[in-house]
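Peer 1: Pasting a structure here, questions to come.
The values are calculated or read from the model by the stated rules, or taken from the named source; none is laboratory data. Remember, predicted model here, so these are calculated numbers, not experimental data. Glycine also receives a Cβ, built like all others from the backbone with ideal geometry; neighbour counts cover every protein chain displayed.
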Amino acid sequence: MKAQYENQAMSSFMLYIDHEITARGQAYTNFSSFLNETNQTVNGVFNYSAPYRQMVSDVSISGANVMTGLYLDGDALNVGTSGLNSINYTKGMAHFTSQITGQNRISGDYSIKDYSVFLTNNSEADILFETKYNMRPKINETPKPLPPDVRTYPSIFVKPNSSRNVPYAYGGIDNTILDVRCVVLADSSYSLDAVCSIMRDTNKTTVPFIHDNLPFNSLGGYTGVAYNYTGIATGTGVWIDSVEISQNVGLKEYNELSPDIYSAFADFKIYGVRKPREY
C-alpha cells in the first residue's frame, strides 16, 4: 500500500525527535571497537556486530563519527569492496556477502547515540512489562558483540495513540490531530531529566516532512549515500501544539522488576492543516 499521511507524519516526527535529541543534547559518544560475527545469516548475508547500538547515521550531527567504512586488519575497507555490502546503524552491525575467515579482524570508528529511537505500535504494557531489556554496556567496560535480537536501553519508543480530523476552514480543510506518546527508558535520573527537557522544548515547533526515501538499502544499511537530516527534512510539515511530560510514571510493579530503569511518558499533540479528501 502507498504511504499515507499518518505514515509520513509519524516517520518524520520520529526522525525529528531523534535529530533534536542527538544534536541539541550532543547525545552521543565517539568510540572504536571490533565487530564480531553474530553466527546469524539472512539471505546469504553475514552479520558482524559492534558492542553498541544505535549508531549515529546523520552526517549533520556536528562532531559525531558517522561510520562510512571499516578496517580489515587495519586496512581501510569501503562499502562495495571485499564483500562489505552495507553498514546498519540501527542494528550496530555490518553486512557482508562473504564470510571473514581466519584470524582477520574487522574494526570501525563510530558514534553511539545516548538514546536509541524506535517507531512502534506496541502498547505501553508490552514495552514496559513484556519486553526484556539489557542495559547498554558502559564505555569503560570490555565490549562484547551484541546479538541481533537483544534489546538495550536507554531507548525511546515513539507510538501513535489516537488521531482525528476536525473541521478547520471552508473548502474541505481539516485539522488532523495526532496524539503521539514517547515512552522513555533511561539509565539515570539525570539522563531522564535531560532528554525530557529537550522533548518538552519542542513545543510550538514545526516538524518538517521527509518525502524522499531514506538512502538505505532493504536491510536498512548504508551503501555509499550519506543520510543528512537537515538536507532532506524540507517538506511542509506538522505543528507540535503541546507537550506534556510524566516522569516515573507510577508503575510500581515495573520499578520493582527493573529498578535500574528510569521511565517517563512524553505526550505530544500534533496539528496538521490539510485537505484530507483530496488525493
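Peer 1: Looking only at region 1-21, filter to residues that are among the charged types (D, E, K, R) and part of a helix (DSSP H, G or I); which one of those is farthest from Lys204 (Cα to Cα)?
Peer 2: Glu6
Peer 1: Turning to a different aspect of this structure: Filter region 52-83 for residues that are farther than 21 Å from Gln26 by Cβ and in contact with a Lys or Arg (Cβ under 8 Å, 6 or more places away or on another chain) and give the result.
Peer 2: Leu72, Asp73
Peer 1: For region 227-245, indicate whether the set of residues that are on the phi > 0 side of the Ramachandran plot and not in a strand (DSSP E or B) is non-empty.
Peer 2: Taking every residue of region 227-245 in turn, none turns out to be on the phi > 0 side of the Ramachandran plot and not in a strand (DSSP E or B).
Peer 1: Looking at region 1-45 only, could you name the residues that are under 23 Å from Asp75 (Cα atoms) and at pLDDT below 90?
Peer 2: Correct list: Asn36, Glu37, Thr38, Val45.
Peer 1: Still on this structure: Quick check, is Asn30 under 18 Å from the mean Cα position of the chain (by Cα), part of a strand (DSSP E or B), closer than 14 Å to Ile112 by Cα and of a type outside the set (Lys, Arg)?
Peer 2: Against the criterion (under 18 Å from the mean Cα position of the chain (by Cα), part of a strand (DSSP E or B), closer than 14 Å to Ile112 by Cα and of a type outside the set (Lys, Arg)), Asn30 qualifies.
Peer 1: I've got another one for you. Can you tell me which residues in region 127-174 are surrounded by 11 or more Cβ atoms within 10 Å (Cβ to Cβ), at pLDDT below 95 and among the basic types (Lys, Arg)?
Peer 2: Arg136, Lys144, Arg151
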